[in-house]
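Notes follow once the structure below has been shown.
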């Protein structure tokens, strides 16, 4: 009930108060339409009997729906009166469906007991090809002598798709199609070499004279780094 206190310096006639009362009582209520009712659904696990939270409870064919709370209960207001199909859906459970008669201005209760249903997912097949460690670029002894490179990086710069970037005053690191620095493995006589010196600015390619190199082989592929 809403009470109004009218303060006025002039007397208010009985007719005026009666008109005001009629206007106040004429304001309609929008809480719920007279041709709708409320559906309260309770969802439990068929095996354990425990309530299932997070279940989507829907009125089939309408946008009306709600999710169950920790107590497994969902409330759907303003459901059109008449026969309605209530659906309960949740991942890991079989979908529940039942018809109920919704009465205008009343609450209709429905209970679902859902059984667990495994979720079937299609497997993902991953195939890894075997390593192909055949050299893709090579420099033989004669080619190295004819190159007459001032540094080891100069030998690499003559091969297609390969470059050498300077790191420090003398250090050079290989660059194979975007892979630089320690991402590229460098082996000398079968032994992996690593940068040395302060901040690793002394490249592994600067530890030997290019004139002492007998051959150069470059292996590119998914397993080349290992």
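Wholly within segment 21-74, which strands (runs of 3 or more DSSP E) include no fewer than the required count, namely at least 2 residues that are surrounded by 16 or more Cβ atoms within 10 Å (Cβ to Cβ) and modelled with pLDDT of 95 or more? Give the steps one after another, and end with the answer.
Details: elements: 36-45, 56-59, 65-67.
Answer list for segment 21-74: 36-45, 56-59.
When only residues in segment 38-48 that are touching a residue at least 12 places away in the same chain (Cβ under 8 Å) and over 30 Å from the mean Cα position of the chain (by Cα) count, which is farthest from residue 99 (Cα to Cα)? Working first, answer last.
Here is the first cut: in segment 38-48, the ones touching a residue at least 12 places away in the same chain (Cβ under 8 Å) are 38-47.
Filter once more, keeping what is over 30 Å from the mean Cα position of the chain (by Cα): 38-42, 46-47.
Details: 38: 14, 39: 12, 40: 13, 41: 12, 42: 15, 46: 19, 47: 23 Å.
Of everything passing the filter in segment 38-48, 47 is farthest from residue 99 (Cα to Cα).
The values are calculated or read from the model by the stated rules, or taken from the named source; none is laboratory data. Worth saying up front: this structure is predicted, and the values here are computed from it rather than measured. All Cβ positions, even for glycine, are placed from backbone atoms using ideal geometry, and neighbour counts span all protein chains on display.
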